[in-house]
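Structure first, commentary second.
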Amino acid sequence: MPRIGVFICHCGENIGATVDAAAVAKAAGELPGVVHAVDYKYMCSDPGQNLIKEAIREKKLTGVVVGACSPRMHEPTFRRACAEAGLNAFLCEMANLREHCSWVHEKLPETTEKAIDLVRVMVEKVKRNRPLFPINVPITKTALVLGGGIAGIQAALDIANAGHPVVLVEREASIGGHMAQLSETFPTLDCSQCILTPRMVEVAQHPNIRLYTYSELESLEGFIGNFKAVIRKKARGIDEATCTGCGACIQKCPTKKIPSEFNAHLGHRTAIYVPFPQAVPNKPVIDRAHCTYYRTGKCKLCERVCPTKALRYDQEDLLVEVAVGAVVVATGYEVKGTDFFPEYGYGRYKDVITGLQFERLASASGPTLGAIRRPSDGQVPETVVFIACAGSRDPAKGLHYCSKICCMYTAKHAMLYKHKVHHGRPYVFYMDIRAGGKMYEEFVRRAIEEDQVSYIRGRVSRIYEKNGKLIVKGVDTLLNSRPVEIAADLVVLATAMVPQPDAEALAQKMKISYDGDRFLNEAHPKLRPVEMNTAGIFVAGACQAPKDIPETVAQASGAASKVIGLFSKDELSREPVVAVVNRTAPPLFSTCVGCFLCETACPYQAIEREEIKDRNGNVLKTVARVNQGVCQGCGTCVALCRSKSIDLQGFTNEQVFAELVAL
Amino acid sequence: MSSASHAAPHAPTFPERVREATGESVFQCYQCGKCAAGCPLAAEMDYTPNQILRLLQLNLPEMEEEALRALSIWLCLTCETCAARCPQEVDIPKIMDHLRQESRRRGLVHPKAKDILAFYESLLASVRKGGRLHEVGLVASYKLKTGHLLQDVLLTPQLLQRGKLSLRPHKVADTDAVRRIFDRCDAAAPENKADHA
Amino acid sequence: MKLGYFPGCSLESSAREYNESLQAVAPLLDLELCEVPDWNCCGATAAHSLNHKLALALPARTLALAERAGFDELLVPCSACYSRLAATRRDLLANEALRQEITSIIELDYVGSTKVVSVVDVLGRAAPTIRAKASVPFLRKVACYYGCYLTRPASLTTCARPEDPQEMEAIVASAGATPLDWAFKIDCCGAALSVSRTATVAELAGRIVADAAERGAEALVVACPLCHTNLDLRRPAIERHRGVSYALPVLYITQLVGLALGLSERALGLHRHHVPVRFAPGAAAPAAAPKEN
């Protein structure tokens, strides 16, 4: 005979204010099989848990139902309490009286009745529960890091320094990401490349890091501790082992006028190129779309000048398979282009540029060697207008969110401009100044007070060109919303930070979730900020949400520490909620008829074929078997099995039907 | 978590009535000023569009009346520039239409807006009569209403000379049908008769 | 092609040259304009400022009459009327209760089957014909002026780039003209304040005329009678206000197309303008001009 205990939690006011918890406990106590039923204000507290433990021991309970919050919240708590009292953890079930009842209904008699229904259902289920035991799986202690910007670099170095092998994959020809493009960084104004390049070199030289640049993730399969990743190593057109990075090919390349991605299209590069002088690795790639040889079949000038004969024109993409136990996604962001702004000229005014382009103008390694010169005619701009929130906080343009970094980098830009053009007049149109961060507010005040940057509160309605000037039509809402018109020489738009164009495709490839803006979703916005909902996959940097360098680095180290924590164990314990194919006595062995419909349906490739043989090794029957390490417990195979030979542990057909019948 | 406390019945606030009439929420405005920056008449307005919305956002009777007394709501040309560029997608011209009707209904029309109102009323009077606008009739009626007898309102002699004004009004055939439309619309908003204050 | 035609009140009087030029050009472009029987005034700014229901009912009557006459499309040359009619159609199609209320007010059924199109829509489609038939290409630099309602609200118009529209440019280019890039093509001219606040109009329309003139335009091109009034008829006020006189004529886009198609100035009503339609000699040599394809 089952001996079930029922424990109803008030969750303070959360349940108690809407549901009559005492009445629920009383009704539960009258259910057949229930030998103990109580209510308590906070069942998750120590005294609450003790109520459960004592009842298990004293009433010799064979099953427990806790009517409280979502099992996502406290199921581990209550199962642990049961286990401590000697009851198998999987004989404890939760009825969700909060999310499924009290939070979504008014205080009415029907609400309490619904709570009683929910409890009765779980009582019927738990009567049919069987003891289950966690499954142990081995862990491959190698990490895959996607993205070689500062987030990926930091995560890779942290994991590698803890002694674990890392595979670092970067799409571009060099690691470094956007941080390598920046001039100086707020709020300290230290040179971005100067602090970044030592880390890039460390990555290249680290014995635990295998670096794949000009490479992308082709596919990812498996599960925590046991992923299989395929990496597409795109054809560079050179043999990296032979190339010494001397640069002779780049100097001689006749195709020189290709807009440089690294310089945000303000400068040019050749068809065979390294993105920037400090590139890691310092090995060129051939841009086949622009290379004369690939387009016309003639040229090969680079091959003639190469001293080590490293050119490989017929090189093809290479697919590399790696086994990893954890993945860190650090694929970064891009910024909206000026063509995103109809009212600011649809990108047709050369002297309306993005903040990233301004970084290249201000950078010593940029197209102007750090001199602030406007793109149209190379003149030094006397008046520069900076427009904050360009695209950000603009639902009409489809972007609701704050890009978070623009207030700070706009202050920095205005400051750098003033430092380089002393007589220049910088104006900043802004809506709010968001300078939360160590020394951030002080930095903005410095721009306003010491460098006399004119901050004007208001959005800009329109920009048009007249007589070589850009007429900026703004407003000062602090001056009775008076229209303000400024004739500028250069306009810098602090354009919104958005995910990489293929962020959605990557997320789908990896089966990880993302939000409406295509940023990746962390598992919990407060308490699990570096984990994804898919176990074993972690996130760092701006692919999750806009963030600055310090935050990115902190999150990358956080993700790395999670990976290191995972790798600190040799085996991983998993919940036993997996499918099983039944076994019966010979000569049947199993009701499975070997149709393997389940094999084709399983999204995780968890179904294997098992041959049942006699003593002489003759195959008597081939039946399905579930690999418990791979199975995710989704139940698709259960639904499809025509002979009803598969069941999901913890959610057997018998249990689920019992729940339904109880309603 | 009970929402019962939010559901208590109350008389609709002015912002709620604006929303009822126009579908627009004044609370959506985050006061960036982009409307004022682009408004062709911002420099002449006593309150720029965002300031009008601000008066309504405060939800205080005296502020609401101040908005209805504003000259701005009558200066608004419905050029749609503000709405086209509003990052929060507030249909300001639609709200302005509602404020004009409310201002006239409550007799709060700004003294300097009397000419503008007189022009609109003269125009609708002309349409009520003949179904189509008769420009000469409109000008005559406007002059009488405002007392600007000598104003060169439409450079009339020149227009006549170029054959651009007809002294005889063009009318629809079914003038009764048009009149009935006016009557019914007036009945729907009796305090806001289309062509006379 | 047969089109329903709603001239609107201005085209019967102060803007009759717009009507004349449109009527003259239409047959050359294989357009048959069929006036909506017994159409009425759209109510203009006056109606939507003073009475919301009236602002829907007046355009709705004309729309219903056009629908009853069986037109697929209704051509509305005045851009203010165009906006009122198109907005009414949109609002009534979006709200069934409102549609029923308005149809009972106007005593006519209306389901919204007739589409509202502007002169720019129609001439845009006819651009290849204009190019082919332009016997006297209009070899002048012009500033195309859209004003408000041809581009706004963007949800109502067919304009692809509402902040830098190119539809009129394509039409005048097909007639041989060189459209200029300029700054004020979508700025408001002052519209309905023409009579009640002439000084305001002088300022707003003045900026438009000045920018076009300063960038070397030989004519302003418009597709709206109210814009034409403010830029042409109000020119003395503009000139007084700015202390500068501008010889820049203002052409309806139909007049420009008509000139290129070889129609006479008189047939196109050029003599009815306040600012004389005269051009500096030299540039235009129609007969010898090379014809573009």
**Request:** Might you tell me the accessible area per residue for the range B:1-130, computed with a 1.4 Å probe and given in Å²?
**Result:** 40
**Request:** Could you work out the local net charge near A:A28, counting Lys and Arg as +1, Asp and Glu as -1, over the other residues with Cβ closer than 10 Å to its Cβ?
**Result:** 0
**Fill in**
The simple spin-label model distance between C:T129 and C:A280, using points 7 Å out along Cα→Cβ, in nm, is 3.5
**Request:** Express in whole angstrom the spacing between the alpha-carbon centres of the range C:6-67 and the range A:413-476.
**Result:** 49
**Complete:** Shape descriptors of the range B:90-154 over alpha-carbon atoms, Rg and Dmax in angstrom, are 13.5, 41
**Request:** Based on the mean of other Cβ atoms within 10 Å per residue, sort peptides A:137-145, A:252-260 so the most packed one is first.
**Result:** A:137-145, A:252-260
**Message:** Taking the alpha-carbon distance from A:K59 and a cut-off under 29 Å, which lysines remain once sequence neighbours fewer than 8 residues away in the same chain are dropped?
**Reply:** A:K26, A:K41, A:K114, A:K125, A:K127
**Request:** Heads up, I need the accessible area for B:R19: 1.4 angstrom probe, whole protein in place, Å², nearest 10.
**Result:** 130
**Request:** For chain C, with a Gaussian network of springs between Cα atoms less than 10 Å apart, report the residue from C:D30, C:D181, C:D164 with the top mean-square fluctuation.
**Result:** C:D30
**Prompt:** Over the range A:86-244, how many percent of alpha carbon pairs lie in each 5 Å bin up to the one with the longest distance?
**Reply:** 2, 7, 11, 11, 11, 9, 6, 6, 7, 8, 9, 7, 5, 1, 1, 0
**Message:** Let me spell out the model: positive unit charges on the Cβ of Lys and Arg, negative unit charges on the Cβ of Asp and Glu, origin at the Cα centre of chain B. What dipole size does that give, in debye rounded to 20?
**Reply:** 800
**Asked** Expressed as an acute angle from 0 to 90° and rounded to the nearest 10, what is the orientation of the C-alpha long axis of helix A:440-449 relative to the principal long axis of chain A?
**Response** 30
**Item:** Accessible heavy-atom area order of A:S561, B:S122, highest first, probe of 1.4 Å
**Value:** A:S561, B:S122
**Request:** Per DSSP H run of n ≥ 4, the term is -39500 (n - 2.57); total these for chain B, divide by its residue number, and report the mean residue ellipticity at 222 nm rounded to 500 deg cm²/dmol.
**Result:** -15000 deg cm²/dmol
**Prompt:** Within straight cross-link reach of A:K644, meaning Cα distance under 14 Å, which aspartates and glutamates are found once same-chain residues fewer than 8 apart are removed?
**Reply:** A:E654
**Fill in**
A correct Karplus calculation of ³J(HN,Hα) over the range A:609-623, with 6.51 cos²θ - 1.76 cosθ + 1.60, θ = phi - 60°, whole Hz and x for Gly and Pro, returns 9, 10, 9, 9, 10, 8, 4, 8, x, 7, 6, 8, 6, 10, 10
**Request:** Evaluate the Kirkwood expression for the hydrodynamic radius of the range A:170-236, namely the inverse of the mean inverse distance over all pairs of different C-alpha atoms, and round to one decimal in Å.
**Result:** 14.1
**Complete:** Of the convex hull enclosing the alpha-carbon atoms of the range C:59-177, the direction-averaged projected area in nm² is 8.1
**Request:** Please work out the Cα convex hull volume for the range A:484-577 and give it in Å³ per residue.
**Result:** 159
**Request:** Could you work out how far apart the two model spin labels at B:Q28 and A:A554 are, taking each label as a point 7 Å from the Cα in the direction of the beta carbon, and quote it in nm?
**Result:** 3.6
**Message:** I'd like the orientation of helix A:71-84 relative to chain A: the angle between its Cα long axis and the longest Cα principal axis, in ° from 0 to 90, rounded to 10.
**Reply:** 50
**Burial order of peptide ranges A:654-661, B:79-86 (average beta-carbon count within 10 Å, highest first)** = B:79-86, A:654-661
**Request:** Express in Å², to the nearest 10, the accessible area of C:S245 obtained by rolling a 1.4 Å probe over the protein heavy atoms while all chains stay in place.
**Result:** 90
**Message:** Helix-only estimate, please: 222 nm mean residue ellipticity of chain A, summing -39500 (n - 2.57) across DSSP H runs of length 4 or more and dividing by its residues, to the nearest 500.
**Reply:** -8000 deg cm²/dmol
**Item:** Centre separation in Å (Cα based) which lies between the range A:616-654 and the range A:128-145
**Value:** 18
**Asked** Can you give the average number of partner chain beta-carbon atoms within 10 Å of each beta-carbon in peptide A:109-119, as a whole number?
**Response** 0
**Prompt:** What's the lysine pair count for the range A:333-498 at a Cα cut-off below 17 Å, pairs eight or more apart or interchain?
**Reply:** 9
**Asked** Looking at the range A:386-524, what % of its DSSP beta bridges pair antiparallel, to the nearest 5?
**Response** 60
**Request:** Compute the signed sum of charges (Lys and Arg +1, Asp and Glu -1) over the other residues within less than 10 Å, Cβ to Cβ, of A:G148.
**Result:** -1
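Within a 10 angstrom radius of each residue's Cβ in A:458-469, how many Cβ atoms of other chains show up on average? Whole number is fine.
If you average over the peptide's residues, the count of other-chain Cβ atoms is 6.
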**Fill in**
Of the convex hull drawn through the C-alpha atoms of the range A:252-368, the volume per residue in Å³ is 184
**Asked** Across every pair of different alpha-carbon atoms, what Kirkwood hydrodynamic radius in Å does the range B:9-108 reach?
**Response** 13.3
**Asked** Pick from C:L58, C:L261, C:L28: which residue has the top mean-square fluctuation in a GNM of chain C where Cα pairs under 10 Å get a spring?
**Response** C:L28
**Request:** Go ahead and run the numbers for FRET between A:E611 and A:E54, Cβ-Cβ distance against an R0 of 45 Å, rounding to 0.05.
**Result:** 0.35
**Prompt:** Volume per residue, Å³, of the convex hull around the alpha-carbon atoms of the range A:545-663?
**Reply:** 195
**Complete:** Reported to the nearest 10 Å², A:T383 has, with a 1.4 Å probe, an accessible area equal to 10
**Fill in**
Whole-percent carbon and sulfur contribution to the accessible surface of the protein assembly as shown (1.4 Å, no ligands, DNA or RNA) stands at 53
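Using the Cβ atoms and a cut-off under 14 Å, what net charge is assigned to the surroundings of A:D339, where Lys and Arg are +1 and Asp and Glu are -1?
+1
Report the B-A buried area as the accessible area lost on both sides summed, probe 1.4 Å, in Å² to the nearest 100.
On the way: alone 12000 and 30330 Å², together 40610 Å².
Approximately 1700 Å², summed over both chains.
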**Per-residue average of Cβ from other chains inside 10 Å of B:129-137** = 5
**Prompt:** Cα axis of helix C:79-94 to longest principal axis of chain C: angle in degrees, 0 to 90, nearest 10?
**Reply:** 30
**Asked** Taking Cα atoms of chain A, Rg/Rh with Kirkwood Rh, to two decimals?
**Response** 1.07
**Asked** How much length, in nm to one decimal, is gained on full extension between A:R128 and A:H400, taken as 0.36 nm per residue of separation minus their Cα-Cα distance?
**Response** 93.0 nm
**Prompt:** Along its principal axes, what span do the Cα atoms of the protein assembly as shown show, with the longest given first and each in whole Å?
**Reply:** 115, 87, 66
**Message:** Suppose each label sits 7 Å from its Cα in the direction of the beta carbon; what would the A:R446-A:E106 distance come out to in nanometres?
**Reply:** 5.9
**Prompt:** Setting aside same-chain residues fewer than 8 positions from A:K562, which lysines have a Cα under 24 Å from its Cα?
**Reply:** A:K141, A:K228, A:K509, A:K511, A:K526, A:K547
**Request:** Within the range C:172-193, find all residues whose amide N lies under 12 Å from a label point positioned 7 Å from the Cα of C:E214 along Cα-to-beta-carbon.
**Result:** C:183-184
**Request:** For every helix of n ≥ 4 consecutive DSSP H residues, a contribution of -39,500 (n - 2.57) applies; sum these over chain C, divide by its total residues, and give [θ] at 222 nm rounded to the nearest 500 deg cm²/dmol.
**Result:** -12000 deg cm²/dmol
**Asked** Separation of the range C:221-241 and the range B:164-186 by C-alpha centroid, Å?
**Response** 28
**Request:** Note the full-extension length gain between A:K252 and A:Q379 as 0.36 nm times their separation in residues minus their Cα-Cα distance, in nm to one decimal.
**Result:** 42.7 nm
**Long-range Cα-Cα pairs in chain C (distance over 29 Å), rounded percent** = 32
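The values are calculated or read from the model by the stated rules, or taken from the named source; none is laboratory data. Small disclaimer: the values here were computed from a predicted structure and weren't measured. All Cβ positions, glycine included, derive from the backbone under ideal geometry; neighbour counts span all protein chains shown. Just the protein is used for accessible areas: all its heavy atoms, side chains included, with ligands, DNA and RNA removed. Shrake-Rupley method; radii C 1.70, N 1.55, O 1.52, S 1.80 Å.
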